[in-house]
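Below is one structure; the comments refer to it alone.
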Amino acid sequence: MNFENLEIIIETEKNKRLAKSYRKMQALLRALSKKEIPSGIKTIINEDIKLLNSFKGSEKEMNRNLKKTNTKILALVKKELKLVPKNYYLSLGAGIGLVFGTALGTSFISFLNNSTAMGTSLGLIFGAAIGSMLDKRAEKDGKQLDL
């Protein structure tokens, strides 16, 4: 079973945002077609694509629907198949490190007589390092999408 074709007619000269959302959805479908996807999940994705193909609204609403569907499909394959886009864990680790680094920096400010910038920087570095390591593991295991 293959994925449905995304058959949305877009005039790229008129609406650049819609064209960008369309290209992102096409890239996601190409990346997923390279992976072994169970038929149940393919069926769910194909139903979402059919809904997009049958949509008869404004370009703004179509753009919103494309973005929502893209996010929904990414969440589905992440939850069910543990497939993630490139640099997913890097950005997640950096964000978490930023939050915890700031918290640790403010808690140690009175002890070390230092600013919170040091804690934020260290948290960001450690978070990015751990995220990079997890991204490499996902790539090695074949759980990374080429997005």
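The values are calculated or read from the model by the stated rules, or taken from the named source; none is laboratory data. Remember, it's a predicted structure, so these values are computed and weren't measured experimentally. Here the Cβ positions follow ideal geometry from the backbone for every residue, glycine too, while neighbour counts run over all protein chains shown.
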Qualifying residues in segment 63-87 (those that are aliphatic (A, V, I, L, M) and part of a helix (DSSP H, G or I)) - the one surrounded by the fewest Cβ atoms within 10 Å (Cβ to Cβ): Ala75
Residue in segment 135-142 that is within 25 Å of Ser33 (Cβ to Cβ), in contact with a strand residue (DSSP E or B) (Cβ under 6 Å, 6 or more places away or on another chain), modelled with pLDDT of 90 or more and assigned to a helix (DSSP H, G or I) present: yes
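Kindly check whether there is at least one residue in segment 64-83 that is farther than 29 Å from Gly131 by Cα and under 22 Å from the mean Cα position of the chain (by Cα).
yes
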Verdict on Lys35 being touching a strand residue (DSSP E or B) at 6+ places or on another chain (Cβ under 9 Å), at pLDDT below 90 and either closer than 26 Å to Arg17 by Cβ or not assigned by TED's automatic domain parsing to the domain that holds Ile130 (or both): yes
Pairs with Cβ under 9 Å, 6+ apart, first in segment 58-73 and within 26 Å of Gly40 (Cα to Cα), second in a helix (DSSP H, G or I) and among the aromatic types (Phe, Trp, Tyr): Met62/Tyr22; Leu66/Tyr22
Scope segment 14-39; condition surrounded by fewer than 16 Cβ atoms within 10 Å (Cβ to Cβ), closer than 23 Å to Asp141 by Cβ and either under 18 Å from the mean Cα position of the chain (by Cα) or among the β-branched types (Val, Ile, Thr) (or both); matching residues: Ala27, Arg30, Ser33, Lys34, Lys35
Within segment 40-62, considering residues that are modelled with pLDDT under 90 and buried (at least 18 other Cβ atoms within 10 Å of the Cβ), the one nearest to Leu28 (Cα to Cα): Leu52
Residue within segment 9-16 that is assigned to a helix (DSSP H, G or I) and either at pLDDT 90 or above or in contact with a helix residue (DSSP H, G or I) (Cβ under 6 Å, 6 or more places away or on another chain) (or both) present: no
Single unsatisfied condition, Gly93 versus (1) crowded, with 19+ Cβ neighbours inside 10 Å; (2) small (Gly, Ala, Ser); (3) free of Cβ contacts under 8 Å to residues at least 24 places away in the same chain: (3)
